[in-house]
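The values are calculated or read from the model by the stated rules, or taken from the named source; none is laboratory data. This structure is a prediction, so every number in the text was calculated from the model and none was measured. Neighbour counts are summed over all protein chains in view; Cβ atoms, including those assigned to glycine, are modelled from backbone coordinates with ideal geometry.
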Amino acid sequence: MFSTFSNESIRNFLVAMDRFSDRKRVLILIGGSAAALAYGIHHFTKDIDIFLDGADIDAQELQRLQSEASQYTHLDIPVELVSVADAPYNYQDRLEKIESIGTLQFLDLYCLERHDFFLMKIIRGYEHDIEHLIEIHKSHAFSVDILCERFIKEMDHVMLDRRMLKNNFLNALSNIYADVAHIEQRLAIEAAWLTR
């Protein structure tokens with residue numbers, strides 16, 4: 001069974017990682033820890049996921065920081081470099097700095113803009129991911145127009161059955177918006193790649 005960690009534990013662990021860093025680094029957090037720190041959702045997460053695409057750290061250095069932070073905080077939080085995660089094409093242009101931790105000396109922590117985060121999370125279609133999106137929407141409302149625009153223009157590279165990808169997208173939206181029939185019609189007209 002996996003251990004889970006609170007938002008405060010994740011925050012303290014990242015502060016400790018910063019303490020043992022020796023130079024400036026840019027890290028992009030994804031997953032539950034990003035949702036907790038950037039959007040304030042209240043849940044427990046089992047790890048800290050760092051997106052390898054754009055990561056300014058290698059596995060060996062990350063392991064060192066994780067080990068030092070673990071000894072310092074007495075928390076054994078796994079920190080993983082994630083190499084496989086499908087984000088919208090232009091997500092890097094929209095990254096947002098995570099400010100909830102306060103000022104760190106070495107680590108610059110970023111997360112995906114919330115609409116990009118939504119689109120990354122719908123790929124697997126897991127129930128707990130949908131629950132996170134619903135909670136984010138309550139305090140940081142998603143724009144259905146932005147979600148549709150980015151899904152249509154920036155998600156055609158995802159290596160998933162097209163019908164499943166479309167169904168995951170519509171399912172996630174239907175948990176937030178009552179009526180998605182007009183969205184399905186829009187996809188039929190504007191997202192020809194879904195039928196390839």
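Quick one: in region 8-27, which of the residues that are touching a strand residue (DSSP E or B) at 6+ places or on another chain (Cβ under 9 Å) and over 13 Å from Leu75 (Cα atoms) is surrounded by the most Cβ atoms within 10 Å (Cβ to Cβ)?
Within region 8-27, the match that is surrounded by the most Cβ atoms within 10 Å (Cβ to Cβ) is Leu27.
So, restricting to helices (runs of 4 or more DSSP H) that lie completely within region 13-130, which ones have at least 3 residues that are of a type in the set (D, E, K, R)?
59-73, 114-121
Within the bounds of region 81-99, is there any residue that is touching a strand residue (DSSP E or B) at 6+ places or on another chain (Cβ under 7 Å) and touching a residue at least 60 places away in the same chain (Cβ under 8 Å)?
The answer is yes, given that some residue of region 81-99 is touching a strand residue (DSSP E or B) at 6+ places or on another chain (Cβ under 7 Å) and touching a residue at least 60 places away in the same chain (Cβ under 8 Å).
Can you pull out the residues in region 29-50 that are crowded, with 17+ Cβ neighbours inside 10 Å and among the hydrophobic types (A, V, I, L, M, F, W, C)?
Leu29, Ile30, Ala34, Ala35, Ala36, Leu37, Ala38, Ile41, Ile48, Ile50
Please indicate, with yes or no, whether at least one residue in region 104-123 is polar (S, T, N, Q) and surrounded by fewer than 23 Cβ atoms within 10 Å (Cβ to Cβ).
yes
Got a sec? Which of Met120, Met159, Met164 is among the aliphatic types (A, V, I, L, M) and within 16 Å of the chain's Cα centre (by Cα)?
Matching residue, one of Met120, Met159, Met164: Met120.
Inspect all residues belonging to region 148-162 and state whether any of them is at pLDDT 95 or above, under 18 Å from Tyr91 (Cβ atoms) and touching a His at 6+ places or on another chain (Cβ under 7 Å).
Taking every residue of region 148-162 in turn, at least one turns out to be at pLDDT 95 or above, under 18 Å from Tyr91 (Cβ atoms) and touching a His at 6+ places or on another chain (Cβ under 7 Å).
Based on this model, can you work out whether Ser9 counts as over 23 Å from Leu160 (Cβ atoms), assigned to a loop (DSSP other than H, G, I, E, B) and touching a residue at least 40 places away in the same chain (Cβ under 8 Å)?
no
Would it be correct to say that His74 is of a type outside the set (Asp, Glu), out of contact with any Lys or Arg (no Cβ under 6 Å at 6 or more places or on another chain), touching a residue at least 12 places away in the same chain (Cβ under 8 Å) and surrounded by fewer than 19 Cβ atoms within 10 Å (Cβ to Cβ)?
Taking the combined requirement at face value, the residue does not satisfy it.
Right, Asp53: more than 16 Å from Ile10 (Cβ to Cβ), of a type outside the set (A, V, I, L, M), surrounded by fewer than 20 Cβ atoms within 10 Å (Cβ to Cβ) and within 15 Å of the chain's Cα centre (by Cα) or not?
yes
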